[in-house]
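So the structure is just underneath, and the comments pick up after that.
No value in this document is a laboratory result; all are computed from the given coordinates. The structure displayed is predicted, hence computed values, not measured ones. Neighbour counts are summed over all protein chains in view; Cβ atoms, including those assigned to glycine, are modelled from backbone coordinates with ideal geometry.
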Amino acid sequence: MIINKATQDIIRVLLNGNTAIKLRDLAKKANVSLGMAVKIVNSLASTQFINKKNGIKVVQYERLLKAWAYTVSVNENPKIEFIAAERPQYLIKKISNLLKNEKYAFTLFSATEVTFPYVTPNKVHLYILKTKEKEISKIFISEAVTPAEEGNVICYLVDESHLFGSLEIRGIKIISLPQLYVDLISYGGRGQEAAEQILNLLEKKNV
């Protein structure tokens with residue numbers, strides 16, 4: 001199955017819900033055309049990931065999640081990097097305060113640090129809107145988080161669809177758990193081990 005952007009947007013909505021959804025509502029939430037939604041839903045149904053009877057519902061949750069995870073990579077996203085003197089754990093709190101009025105979400109080990117401390121992060125990874133790159137760069141620079149070719153703050157530039165289902169925990173925004181699983185798998189190394197912990201959380205949530 002080819003996971004293009006529109007398909008990812010549909011999958012992201014489906015994996016963040018545990019009840020059946022109408023086709024029009026799915027298309028609206030995923031911000032894709034109704035015609036495109038029909039094609040993607042039919043493709044997903046043909047591989048038995050979803051059921052279309054009485055609304056659209058995922059019936060092979062783990063299979064669909066892994067099909068997505070092993071087809072894309074967090075590193076495919078354009079990024080900008082910054083460097084700051086603070087430790088990552090403090091930077092997570094600092095950045096969440098700086099961006100409290102912006103749309104953003106931490107990912108990778110920065111997100112697991114908030115949900116369950118699995119691996120102490122040595123860098124901070126987060127998603128920001130590509131349309132807000134300049135504004136956020138100015139905010140960072142004003143607080144001694146300066147641009148760098150190789151920094152310890154990595155901002156992936158995405159559109160709003162990437163942030164669908166984001167969570168807020170103790171005032172800190174993290175990416176949705178399905179997206180976090182996908183990112184950790186593609187990051188490799190201990191990311192794959194952490195991804196299994198996320199999968200356990202998702203299984204409990206979708207029981």
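Working ranking of peptides 16-25, 132-141, 65-74 by packing, defined as the average number of other Cβ atoms within 10 Å per residue, highest first, is 65-74, 132-141, 16-25. The C-alpha atoms of the chain define a longest principal axis, and helix 88-98 lies at about 80 degrees to it.
For the range 5-69, the gyration tensor built on C-alpha atoms gives a rounded shape. Its axis ratio a/c (a ≥ b ≥ c) stays under 1.5.
Is the chain rounded, prolate or oblate when judged by the Cα gyration tensor, a ≥ b ≥ c being the square roots of its eigenvalues, rounded requiring a/c under 1.5 and prolate requiring a/b larger than b/c? The shape class here is prolate. Let me know the shape class of the range 81-141, please: from the alpha-carbon gyration tensor, a ≥ b ≥ c as square roots of the eigenvalues, rounded when a/c is under 1.5, otherwise prolate if a/b is greater than b/c, or oblate. Prolate shape, in that a/c is at least 1.5 and a/b is the bigger ratio.
In this calculation the C-beta distance from Thr146 to Thr120 is compared with R0 = 22 Å, giving a FRET efficiency of 0.40. Here Ala85 and Ile3 are evaluated by their C-beta separation; at R0 = 41 Å the FRET efficiency comes out at 0.60. Using a Förster radius of 30 Å, what is the FRET efficiency between Thr71 and Lys130 based on their Cβ-Cβ separation? Nearest 0.05, please. Given R0 = 30 Å and the Cβ-Cβ separation, E is 0.85.
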